[in-house]
1. Please state the relative contact order of segment 265-333 as a whole percent: Cα pairs under 8 Å, 6+ residues apart?
2. Ranked by Cβ crowding within 10 angstrom, fewest neighbours first, how are Asp325, Asp165 ordered?
3. Given only helices, namely DSSP H runs of n ≥ 4 each adding -39500 (n - 2.57), what is the per-residue ellipticity at 222 nm of the chain, to the nearest 500 deg cm²/dmol?
4. If you put +1 on each Lys and Arg Cβ and -1 on each Asp and Glu Cβ, how big is the dipole of segment 242-331 around its Cα centre, in Debye rounded to 20?
5. If you take every residue apart from Leu200 with its C-beta less than 14 Å away from the C-beta of Leu200, what net charge results, scoring Lys and Arg +1 and Asp and Glu -1?
6. Which of the aspartates and glutamates could a cross-linker span from Lys58 if the Cα-Cα distance has to be under 12 Å and same-chain partners fewer than 8 positions apart are dropped?
7. Say the dipole of the chain comes from +1 at the beta carbon of Lys and Arg and -1 at that of Asp and Glu; which of Asn44, Met1, Pro96 then lies farthest toward its positive end?
8. Put +1 on the Cβ of each Lys and Arg and -1 on the Cβ of each Asp and Glu in the chain; which of Ala115, Ala136, Leu280 then has its Cα farthest toward the positive end of the dipole?
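Nothing in this text is a laboratory measurement; each read-out follows from the coordinates by a stated rule. Because the structure is predicted, anything quoted here is derived from the model rather than measured. Backbone-built Cβ (ideal geometry, glycine too); neighbour counts: all protein chains shown.
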Amino acid sequence: MKTRVLLIDATSPEAEILAEAARVMQRGGLVAFPTETVYGLGANALDTSAVARIFVAKGRPANNPLIVHVPSAVEAQKVAVEWSLSAAGLAQRFWPGPLTLVMRKHSSIPANITANGPTVAVRVPAHPVALGLLRAAAMPLAAPSANRSTELSPTRAEHVLRGLDGRIDLLLDGGPTAGGIESTVVDLTTVPPRLLRPGLVSVAELESVLGTLTRIESVSQTERVLPSPGLLPRHYAPRTPVECIESREEMRLANLLREGRRIGWVTFSDPGAVPSGILLRILPADPVGYAAGLYAVLHELDAAGLDRILVTLPPDTDAWHAVRDRLRRAAEK
Ligand code: TXA
Ligand code: MG
């Protein structure tokens with residue numbers, strides 16, 4: 001299959017391009033598009049075979065369920081069987097935006113989206129292209145991140161092509177995404193609700209609406225019933241080995257250089273003079289700016305043919321929780 005690429009305006013997307021993308025999905029095709037977090041790979045959520053094509057294109061195991069994207073909280077209520085006060089409160093405060101809610105699923109949702117489970121993950125994205133596409137297509141869209149399974153999520157069109165060129169019908173190139181890491185995922189089917197994946201909506205913000213929240217950090221690969229397969233330790237990883245270091249361990253760099261390794265180093269404050277042979281990338285020292293740039297830097301270093309990528313971990317504080325979660329997963333072997 002040849003993947004077509006269409007440029008689209010990220011702030012006021014052209015109606016005819018949205019209409020073309022909607023037609024592709026109405027025929028059961030796959031369209032990658034920008035959201036405010038990362039690029040998604042969309043298909044008609046009510047079409048079982050289109051959804052099956054997403055799993056094939058990504059090489060995603062059938063036991064890892066997909067997020068259903070809808071244009072409004074009203075549409076979200078049609079995907080779930082109950083709309084709790086918690087759901088209403090979170091939707092009111094954070095939608096459209098980078099928050100995904102797991103609820104009991106409505107029977108209209110195909111079983112392969114939810115990996116045969118009783119719950120469905122739903123989100124209303126904020127990006128004008130994503131919202132425009134949902135309205136133009138007039139159907140809920142199943143959309144995981146637009147990368148091959150276990151690899152890094154894409155924050156630019158070129159990242160999508162690196163993994164999926166020739167495997168999807170259409171890519172809408174709306175430029176770099178602003179958020180940079182995937183949405184926060186909260187399970188509302190438990191009491192208290194559980195944080196399944198940290199993200200740009202923080203624990204403190206969630207707790208201001210929900211009261212308490214249970215955190216699950218990680219589950220082992222062997223656990224039989226996964227609360228959320230995205231919790232598997234290795235996820236969001238470049239092909240080049242990644243090693244996380246604390247600031248005080250930066251002398252590891254010198255040792256690796258002595259061994260003749262080609263090293264990439266990602267940090268968040270200017271280290272001054274750096275030995276030649278190190279490909280240095282400095283990300284902003286605030287969590288939002290860091291998240292926005294992280295995957296682009298990892299994609300770039302991954303393509304540079306290095307032996308290893310070292311990442312200096314930001315501080316272990318709530319503000320950095322989501323970023324540290326992604327770094328730990330990227331470094332998991
Ligand atoms: O920001 C995002 O969420 C992006 C954009 C495209 O919207 N999407 C995304 O989708 O990251 P994906 O498929 O890469 O990650 C979805 C996560 C996975 O960890 C999956 O296991 C979890 O949500 N998930 C989906 N449905 C679930 C369910 N019913 N119960 C528990 N976890 C679920
Ligand atoms: Mg993903």
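1. Numbers: 55 pairs, mean separation 22.5, N = 69.
Relative contact order, segment 265-333: 33 percent.
2. Numbers: Asp325 19, Asp165 14.
Lowest to highest Cβ neighbour count: Asp165, Asp325.
3. Working: 10 runs with 100 residues, N = 333.
Rounded to the nearest 500, it is -9000 deg cm²/dmol.
4. Working: 11 positive and 13 negative charges, 53 e Å.
That gives a dipole near 260 debye.
5. Details: positive: Arg93, Arg123, Arg197, Arg324, Arg326; negative: Glu36, Glu182, Glu205, Asp286, Asp318, Asp325.
Its environment carries a net charge of -1.
6. Straight-distance partners of Lys58: Glu151, Asp165.
7. Value: Met1.
8. Ala115
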